[in-house]
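Shown next, in structure tokens, is the structure this report addresses.
Readers should treat all values here as calculations from the given coordinates under stated rules, not as data from a laboratory. Remember, predicted model here, so these are calculated numbers, not experimental data. Positions of Cβ are backbone-derived with ideal geometry, glycine not excepted, and every protein chain shown enters the neighbour counts.
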There are 2 protein chains.
Amino acid sequence: MELAEAKLKFIEAWGKLGSEWGINRTMAQVHALLLISPEALTTEDVMAELSISRGNANMTLRDLIGWGLIEKQHKTGERKEYFYAEKDTWVIARRVAEERKKRELDPVIKILGQLTEVKGDKKDPAFKAFHSSVTDISRLANNVNKTLDTMLKAEESWFFGSIFKIFK
Amino acid sequence: MELAEAKLKFIEAWGKLGSEWGINRTMAQVHALLLISPEALTTEDVMAELSISRGNANMTLRDLIGWGLIEKQHKTGERKEYFYAEKDTWVIARRVAEERKKRELDPVIKILGQLTEVKGDKKDPAFKAFHSSVTDISRLANNVNKTLDTMLKAEESWFFGSIFKIFK
DNA sequence: AATATCTTTCATTTATTTTTGAAAGTTTAA
DNA sequence: TTAAACTTTCAAAAATAAATGAAAGATATT
């Protein structure tokens, strides 16, 4: 396989995976493009490589900055902005986990906590089923949460090393 | 808060979380409804509770069966099909993890493996960056994969218990 | 302060996903 | 075998999400 073909395949695969996990396909593709680029790229480069509009490229790049996955760079003597992706995959995984936890998990954990407190007739099967399910899910969600907190602080080698050690 | 209101809130929250993670909102809502229902429900019940069409209810229920999250039940002397949700949240989490791994992670890991093998000019920065990023991601994905395999076999208490032990 | 270069915005358009509901299909029972 | 009860299908409609591109907004340069 040629490098050019391989690049396209990677960008495509990353975009597909992203879209399956609720991340805009284009955003995942732009991220993929920058990930495998040794140089920082301009908006024009991104537009050309992926055949997308200026508006789309601009918004997507801003979003990626919001996720902490890329950063702006300025070259001396040039006005154009360049974009460069964080290359350490463990850092990437942590950033994504961190953001999604903050944006999606935390709010739902809060609601689950409230729903756990709802009082009702302990003889009512509907209430019992509700309370029991919500309590269980709340507990699991909190466990996931704690595990994520740990992961956010951990080094990759330590994290996976420790997990594999106890489970081998 | 009333039970009725709490139920709605739970269904809404579950639907939102699902849609943020690439799972059809209605499917997540139907799942939520069945999760907190002590009794198995019919298609009619689901249609009424969530105000959705027959076609939608039918397809969604079939999908949920495909995910291993609900099952059909038959009551003696009745023709109607009833649907009942698995209530053990750890089993639910495992089923979802299992399916998503199979549907989404495994294919991408396969592609990454292939891309890791792509040969090129070791002096070319573009090739070096590509190879290095792809290799790193491939390694991380395989670690995630192994961790999921472990989780799929584990008991919840053992899984989280062990993780907390080493990270406290 | 006028111009050139680059970035951002956002009303429209386009594409994708989801839902509907009527019709067709299936199964049971009289 | 007919009809009633229930389930599934799928083309069309509706809802949602994403992309476009021209215009407006910045910022630096002459």
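For the stretch B:3-85, the dipole from Cβ point charges (+1 on Lys and Arg, -1 on Asp and Glu) about the Cα centre works out to 120 debye, to the nearest 20. Taken about its Cα centre, the protein assembly as shown carries a charge dipole of roughly 540 debye when the Cβ of each Lys and Arg holds +1 and the Cβ of each Asp and Glu holds -1.
About the Cα centre of chain B, how large is the charge dipole given +1 on each Lys and Arg Cβ and -1 on each Asp and Glu Cβ? Please answer in debye to the nearest 20. Working shown, then result.
Working: 27 positive and 25 negative charges, 145 e Å.
Using only the charged Cβ atoms, the result is roughly 700 debye.
Across the stretch A:89-167, the convex hull enclosing all Cα atoms gives 99 Å³ per residue. Per-residue Karplus couplings for the stretch B:45-56, computed as 6.51 cos²θ - 1.76 cosθ + 1.60 with θ equal to phi - 60°, are listed in order as 4, 5, 4, 5, 4, 9, 6, 10, 6, 4, x, 4 Hz, Gly and Pro entered as x. Reported value for chain A: 189 Å³ per residue, from the convex hull of its C-alpha atoms. Amide H contacts of A:F83: A:L41, A:T42, A:Q73, each under 5 Å away and 5 or more positions distant or on a separate chain (H built 1.01 Å from N in the peptide plane; Pro and chain starts excluded). Between A:R94, A:R103, A:R62, the Gaussian network model of chain A with springs among Cα atoms under 10 angstrom shows the greatest mean-square fluctuation at A:R103. The ranking of B:K123, B:K101, B:K75 from fewest to most other beta carbons within 10 Å of each one's beta carbon is B:K123, B:K75, B:K101. Shape analysis of the protein assembly as shown yields a ratio of the Cα radius of gyration to the Kirkwood radius, Rg/Rh, of 1.02.
With the convex hull of its Cα atoms as the shape, the stretch B:1-96 has an orientation-averaged projected area of 6.5 nm². Counting, for every residue in B:78-88, the Cβ atoms of other protein chains within 10 Å of its Cβ and taking the mean gives 1. Measure nothing fancy, just the Cα-based angle from helix A:125-153's long axis to the longest principal axis of chain A, in degrees from 0 to 90, nearest 10. Roughly 40 degrees, rounded to the nearest 10.
Only DSSP H runs of four or more residues enter the estimate; each adds -39500 (n - 2.57), and after division by the residues of the protein assembly as shown the mean residue ellipticity at 222 nm equals -22000 deg cm²/dmol.
Along the stretch A:15-31 the Karplus relation, 6.51 cos²θ - 1.76 cosθ + 1.60 evaluated at θ = phi - 60°, assigns HN-Hα couplings of x, 5, 4, x, 5, 6, 10, x, 10, 3, 4, 4, 4, 5, 5, 4, 4 Hz to successive residues, with x for each Gly and Pro. Reported to the nearest whole Å, the Cα centre-to-centre distance from the stretch A:86-134 to the stretch B:29-61 is 22. Taking other C-beta atoms within 10 Å as the exposure proxy, B:M47, A:M1 rank A:M1, B:M47 from fewest upward.
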